[in-house]
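To start, the structure under review is shown below, and the notes come after it.
The values are calculated or read from the model by the stated rules, or taken from the named source; none is laboratory data. Since the model is a prediction, treat every value here as computed from it, not as a measurement. Using ideal geometry, Cβ is built from the backbone for each residue, glycine included, and neighbour counts are taken over all protein chains shown. Just so you know, the surface numbers come from the protein's heavy atoms only, side chains and all, with ligands and any DNA or RNA stripped out. Shrake-Rupley method; radii C 1.70, N 1.55, O 1.52, S 1.80 Å.
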Amino acid sequence: MSDQDIRLQSLKVWLDEQLPALFSAHGWGAVPPATLTAASSDASFRRYFRWEGAGRTFIVMDAPPPQENCKPFVDIAHLLEKSGINVPKIYAEDLTQGFLLLNDLGRQTYLDVIDDDNADALFADAIQALLAYQQLPMDAPLPSYD
């Protein structure tokens, strides 16, 4: 069995452990039968999967240590969320294994849906997010970009 297959099996086991508590905490009932399919690719060791079941979807990130470190992503997501910026909500994390369970922000991008009727509203929303980002305190614990 390849390393990727072993990681995928570990990811599925971890996910099966996380979902019952998540569904219970949100009052969503029992965890329904679902599929786990590739969601997108990344120019790194990270992989993303889309979990879909009974009309509910999540994104599952596989970022294998030591090649990837999820902690900066988690820290920045929490910081940006506090500022009101729409970032993926982290439902569950296992930084040791490099697994994250995130809300699904959807399949459509602005480019997919922008037209003459909604361009002003979409750009206004994007500008508000940039303004919220610029209002972060200068001493915010952001890592240096490299």
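Things worth noting here:
- Tabulated pairs, region 37-60, first part of a loop (DSSP other than H, G, I, E, B), second open to solvent by 60 Å² or more (accessible area, probe 1.4 Å), C-beta under 8 angstrom, 6+ apart or interchain: Ser44/Gln67; Phe45/Gln67; Ala54/Pro33
- Residue check: Gly84 meets all listed conditions (1) under 19 Å from Leu8 (Cβ atoms); (2) open to solvent by 50 Å² or more (accessible area, probe 1.4 Å) but one, namely (1).
- Qualifying residue in region 20-31 (condition: closer than 29 Å to Ala132 by Cβ, free of Cβ contacts under 8 Å to residues at least 40 places away in the same chain, of a type in the set (A, V, I, L, M, F, W, C) and part of a helix (DSSP H, G or I)): yes
- Of the numbered criteria (1) assigned to a helix (DSSP H, G or I); (2) open to solvent by 50 Å² or more (accessible area, probe 1.4 Å), the one Leu11 fails is (2).
- Among the residues listed as Leu130, Leu101, Leu122, Leu136, the single one being of a type in the set (A, V, I, L, M, F, W, C) and part of a strand (DSSP E or B): Leu101
- Some residue of region 101-119 being under 13 Å from the mean Cα position of the chain (by Cα) and of a type in the set (Asp, Glu): yes
- Restricting region 61-81 to residues that are part of a loop (DSSP other than H, G, I, E, B) and without any contact (Cβ under 8 Å) to a residue 40 or more places away in the chain, the residue that is surrounded by the fewest Cβ atoms within 10 Å (Cβ to Cβ): Pro66
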